[in-house]
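*Asks:* Quick one: structure below, then a few questions.
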Amino acid sequence: MSGQVIVSAAGAANAPSLPVSLTLYAPGASQRPVGALDVSLYRDDTGRGGGNARLQPTDILFDLSDRKIVLVDDVLYTGRTIRSAMDALIDLGRPASIQLAVLVDRGHRELPIRADYVGKNVPTAPHERVVVRLEESDGSEGVFVEHDKGESGDNR
């Protein structure tokens, strides 16, 4: 696992929190470079009823070329965010490999993407929404399944 880099696709606000939780399971992970990746411009649903792109900073201050990357996200749903993240990563360099770690896998994939590391599989209905709250960014911690009230948008 040497040379491994941890990159968060959950946005810059959660980037410090998600990789920290990974250090509990990956010895030495806290000594690896950590970055945040904005995938807004790579999404295929922007402008198609998926809302407008909300740009956040990409904070990757290291070379990705020939490195083993662990992409970390909070909720794996359709797979489209992860596809966007892989496109964004490859624009920054050519990693040796990309692995995926998620806190919650809720199913309902639209693309052939699967996580290498899953905190919890949470079966959901398509109309439900999974919300992950982290102490560092939200002031509380937990995973919640909410019923969508019919608004269009991301059901994570």
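*Asks:* First select every other residue whose beta carbon is under 11 angstrom from the beta carbon of Pro33; then total the charges, Lys and Arg +1, Asp and Glu -1.
*Replies:* Local net charge: 0.
*Asks:* Amide H to amide H, which residues 5 or more places from Arg109 or on other chains are under 5 Å from it, using H placed in the peptide plane?
*Replies:* Result for Arg109 returns nothing.
*Asks:* For a quick check: with amide H placed at 1.01 Å from N, whose amide H comes under 5 Å from Asp148's, ignoring anything fewer than 5 positions away on the same chain?
*Replies:* Glu128, Arg129
*Asks:* Please give me the summed charge of the neighbours of Ala88: other residues whose Cβ is under 11 Å from its Cβ, Lys and Arg +1, Asp and Glu -1.
*Replies:* Charge balance in the 11 Å sphere: -1.
*Asks:* Among Ile98, Ile69, rank each residue by its count of other Cβ atoms within 10 Å, from fewest to most, as a rough exposure measure.
*Replies:* Sorted ascending by nearby Cβ count, the order is Ile98, Ile69.
*Asks:* Now for a separate question. Using the Cβ atoms and a cut-off under 10 Å, what net charge is assigned to the surroundings of Tyr42, where Lys and Arg are +1 and Asp and Glu are -1?
*Replies:* -1
*Asks:* Just to verify a number: FRET efficiency for Val143 and Asp63, C-beta to C-beta distance, R0 = 30 Å, to 0.05?
*Replies:* Efficiency, from the Cβ-Cβ distance: 0.30.
Every number in this text was worked out from the coordinates using simple rules, so none of it is lab data. Quick caveat, the model's predicted, so the values are computed rather than measured. All Cβ positions, glycine included, derive from the backbone under ideal geometry; neighbour counts span all protein chains shown.
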